[in-house]
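We did not get these values from a lab; they are worked out from the coordinates using the rules stated. Note that the structure is predicted; figures quoted are calculated from it, not measured. Cβ sites come from the backbone with ideal geometry, for glycine too, and all protein chains shown count toward neighbours.
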Amino acid sequence: MRQRGFEIAKGWEDKEINLPVRKTKNSAGYDIEAAEDTLVPKFTPGVKPTLIPTGVKAYMQEDEVLYLYNRSSNPKKKGLVLANSVGVIDADYYGNPDNDGNIMFAFFNFKDEDILIKKGEAIGQGVFQKYLIVDDDKAEGERTGGFGSTDNNK
């Protein structure tokens, strides 16, 4: 039985995408790479975060989540910070009708120049975890979209 893992998202099958891997046996996170070259503009007021696609999706158990974290070197070396501090990939994001669950990282660049992220460059890491719900939880909604769609569920 499949428990959790990564797959190539639809539309990215022929793009030479590398599935995330842990680099050491005691690493908590799976290093995730950019699926394409992406320019992250320097920050100016009103600029929106730059979404960097990974070309991968994650499957997991219903009571699990994949947390997306920035690489520890990104702020100092590249000026990149995650717009949402920590990304949350829910189990039902996998295979969604909008983007098949393609994981994206949302970055701001606080450097004085634009930063180019190259395809295949490690941009962040994913950590799978179990989560708990409260006794009187009544969530029955179903995901109807992709990135940022939690509020649009039926």
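The order of the peptides 105-114, 1-10 by mean Cβ neighbours within 10 Å, most packed first, is 105-114, 1-10. When the C-alpha to C-alpha distance is required to be over 21 Å, the pairs from Lys57/Lys138; Lys76/Lys111; Lys15/Lys57; Lys10/Lys130; Lys42/Lys119; Lys77/Lys118 that qualify are Lys57/Lys138; Lys10/Lys130. Remark: relative contact order (the stretch 5-131) = 38 percent; criterion is Cα-Cα distance under 8 angstrom and separation of 6 or more residues.
Remark: spin-label model distance Arg4-Lys111 equals 3.2 nm, labels positioned 7 Å along the Cα→Cβ axis. All distinct Cα pairs of the stretch 5-131 go into the 1/r average, and the inverse of that average, the Kirkwood radius, is 14.9 Å.
The charge dipole of the stretch 73-131, taken about its Cα centre with unit charges on the Cβ atoms of Lys, Arg (+1), Asp and Glu (-1) only, comes to about 380 debye. Under a model in which nothing but the beta-carbon of Lys, Arg (+1) and Asp, Glu (-1) is charged, the stretch 5-131 shows a dipole of about 700 debye around its Cα centre. Averaged over residues, the count of other Cβ atoms within 10 Å places the peptides 117-128, 72-83 in the sequence 117-128, 72-83, highest first. Between the alpha-carbon centres of the stretch 100-136 and the stretch 22-81 there is a gap of 3 Å.
Given the options Ser73, Ile32, Trp12, identify the residue whose Cα lies farthest towards the positive end of the charge dipole of the stretch 1-122 (+1 on Cβ of Lys, Arg; -1 on Cβ of Asp, Glu). Of the candidates, Ser73 comes out farthest on the positive side. Between Phe43 and Ser27, residue separation times 0.36 nm minus the direct Cα-Cα distance comes to 2.6 nm.
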